[in-house]
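Data block below; observations after.
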Amino acid sequence: MNIYRLVFIFMPVVIYMALIWAPPAAILGDASRILYFHVPVAWVSIVAFLVAGINSIILLVSEKNRREREFMAHNSAVAGMVFIILALITGSIWAKLSWGSYWNWDPRETSIVILMLIYIAYLSLYSSLKDNPNRGSISAVYLIIAMITMPFLVFIIPRIYPSLHPDTIINQERKIHLEAAMRITLFASIVTFTLLYGYIYRLMNRISALEIKAEEKHYDI
Amino acid sequence: MQSRIIKNLRKDFLIEFRNRSALNISFAFAGITTLSVSLACGGASLSSQVNAVLLWVIIFFSGMSGLSHIFIREEEEKTALFLSLCSDPENIYLSKLLFNIILFACITALVTPLYLFFMQVVPVYILYFISTVAAGSLAVSSITTILGAMVAKAESRGSLFTVISFPVMIPVLWISIKLTADSIEGGAPPEVRSILFLLAFSGVIISVSYLVFKFIWTEN
């Protein structure tokens, strides 16, 4: 059984938990429920970019299935782009509710925008290498460089500069400052959104595999 | 290996000095941009933050105008294949990296004093200021060398180089601008930790680039 199909069961449950079951936060009230969507999509975008980077390393190291790997890395970067845009939108709404403005040039907000720009640049590079037979390797190198800049953007810069952003799960005390019900909902949501990413990513890879087969048989799609 | 790198480096400098157009354009661009910005400010007294931003915008665009040239030239003059025959990709990468570091150090050495002179800026912590500019420039050169190699293989090279370089360089610019502003203003004590961040960033980028350059340079 495809484990990612569990998303069809988990997603309605998580939506119910996030909107009804979990208690509202003390100061923000019901507005805090956006937490259960913002954190998971931000997490999934980072996972997707890591998967893209790991596929790129495998593409460069291994001789087998290079074309498939190229598409797997590309598809994960595209999926990551969608999730990072969702993280920015939900983050902006949350910022408006808690800080009074959609955009505050907070280090964490800025880091995520830079990360998004890096992957937009990757898509530009990928499309401009259309006629290059070495497209897979060159774009894989860019994805690896993008992956190694990610820790600087996600973990180092937001800790160097003072930030309005609440502590993430990985904070200095290594503790989660949430009530039990909120914590359960947040983790359920993270798992569900990861499954959603896995489901979408698998579909994208299957489409790419079909395209490769069609190309090999000289079909035009 | 060292002699091969030095030979490649000497060849690049010889070619660039014989056909001076690219070098002239890079230095002229840097000089003209600095003078234009200073002229536009018209002697206005700017805050240390604005001075730092302007200085790094000039340094960034001066780098954009010249740092991808070293690889694009090999592709345009169809000499990339011959270079591959007589040198390993690692040697080629290191010689091009050294060329870009030297070129960008010269451009920065032109832009920075000109900017300080025309804008009448005197940094409070001179050594801190010089270390920041040097560490930032090293980081910019290390990023642009590997990205220049990628762009040389793509279409619409000129605009693509800026598009793919800028996002990767923002962390470097971000930290460099903050440190430059601090060194000009002199309020906070020098932050050695952030200069180490810039050096660590350059070190990571150079190490990874050294390992993966062969995949860009040779067709698989």
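Quick note: the coordinates plus some simple rules give every number you see, no bench work behind them. Keep in mind the model is a prediction, meaning the values are calculated, not measured. For neighbour counting, all protein chains shown are included, and Cβ atoms are generated from backbone atoms with ideal geometry for every residue, glycine included.
Taking only Cα atoms and a 10 Å spring cutoff, compute GNM fluctuations for chain B and point out the largest among B:Ala28, B:Ala188, B:Ala52.
B:Ala188
Looking at B:Pro113, B:Thr145, B:Ile126, which one has the Cα that reaches farthest to the positive end of the dipole of segment B:2-217 (charges on Cβ: Lys, Arg +1; Asp, Glu -1)?
B:Thr145
What is the count of Lys pairs in the protein assembly as shown whose alpha carbons sit under 21 Å apart, if the two are 8 or more places apart or on different chains?
Count of close lysine pairs: 20.
Does segment A:1-150 come out rounded, prolate or oblate, given a ≥ b ≥ c as the square roots of the eigenvalues of its C-alpha gyration tensor, rounded meaning a/c under 1.5 and, failing that, prolate meaning a/b above b/c? Could you put the intermediate results ahead of the total?
Numbers: a/c = 3.37, a/b = 1.70, b/c = 1.99.
It is oblate, given that a/c is not under 1.5 and a/b is not larger than b/c.
Excluding B:Leu55 itself, calculate the net charge of residues whose Cβ lies under 15 Å from the Cβ of B:Leu55, where each Lys or Arg counts +1 and each Asp or Glu counts -1.
Values: positive: B:Lys178; negative: B:Asp182, B:Glu185.
The answer is -1.
Relative to the first principal axis of the alpha-carbon coordinates of chain A, what is the inclination of helix A:35-61, with its axis defined by its Cα atoms, in degrees from 0 to 90 and to the nearest 10?
Approximately 30 degrees, to the nearest 10.
For segment A:34-176, what's the relative contact order in percent, using C-alpha pairs closer than 8 Å and at least 6 residues apart? If you can, show how the numbers build up before the last one.
Working: 138 pairs, mean separation 40.6, N = 143.
Value for segment A:34-176: 28 percent.
How large is the charge dipole for segment B:132-220, taken about the Cα centre, if only the Cβ atoms of Lys, Arg (+1) and Asp, Glu (-1) carry charge, to the nearest 20 debye? Mind showing how you got there, number by number?
Values: 5 positive and 5 negative charges, 40 e Å.
Around 200 debye, computed over segment B:132-220.
With unit charges on the beta carbons (Lys and Arg positive, Asp and Glu negative) and the dipole taken about the Cα centre of the protein assembly as shown, which residue among A:Trp43, B:Ile92, B:Val37 sits farthest to the positive side?
The one lying farthest along the dipole's positive direction is B:Ile92.
Tell me, A:Ile54, B:Ile146, A:Ile27 in order of fewest to most beta-carbon neighbours within 10 Å?
Numbers: A:Ile54 16, B:Ile146 27, A:Ile27 8.
Lowest count first: A:Ile27, A:Ile54, B:Ile146.
Quick check: Cα centre of segment B:89-119 to Cα centre of segment B:121-140, how many Å?
14 Å
Which GluC sites (Glu not before Pro) does segment A:1-91 hold that lie in a coil by DSSP with at most 11 other beta carbons within 10 Å? Present the calculation step by step, with values, prior to reporting the outcome.
On the way: sites: A:Glu63, A:Glu68, A:Glu70; in loops: A:Glu63.
For GluC sites (Glu not before Pro) across segment A:1-91 that sit outside H, G, I, E and B with at most 11 neighbouring Cβ atoms in 10 Å, the list reads A:Glu63.
What order do you get for A:133-139, B:137-143, B:198-204 when each peptide is scored by the mean count of other beta carbon atoms within 10 Å, highest first?
Values: A:133-139: 20.4, B:137-143: 25.1, B:198-204: 18.3.
With the highest mean Cβ count within 10 Å placed first, the list reads B:137-143, A:133-139, B:198-204.
If the only charges are +1 at each Lys and Arg Cβ and -1 at each Asp and Glu Cβ, what is the size of the charge dipole of chain B around the Cα centre, to the nearest 20 debye?
Numbers: 14 positive and 13 negative charges, 74 e Å.
With Lys and Arg at +1 and Asp and Glu at -1, about 360 debye.
What is the sum of charges around B:Glu75, taking Lys and Arg as +1, Asp and Glu as -1, for the other residues whose C-beta is under 9 Å from the C-beta of B:Glu75?
On the way: positive: B:Arg73, B:Lys78, B:Lys153, B:Arg157; negative: B:Glu74, B:Glu76, B:Glu77.
Around B:Glu75, the charge tally is +1.
Within the set of other residues whose C-beta is less than 13 Å from the C-beta of A:Tyr102, count the net charge using Lys and Arg as +1 and Asp and Glu as -1.
Details: positive: A:Lys96; negative: A:Asp106, A:Glu109.
Within the 13 Å Cβ shell, the charges total -1.
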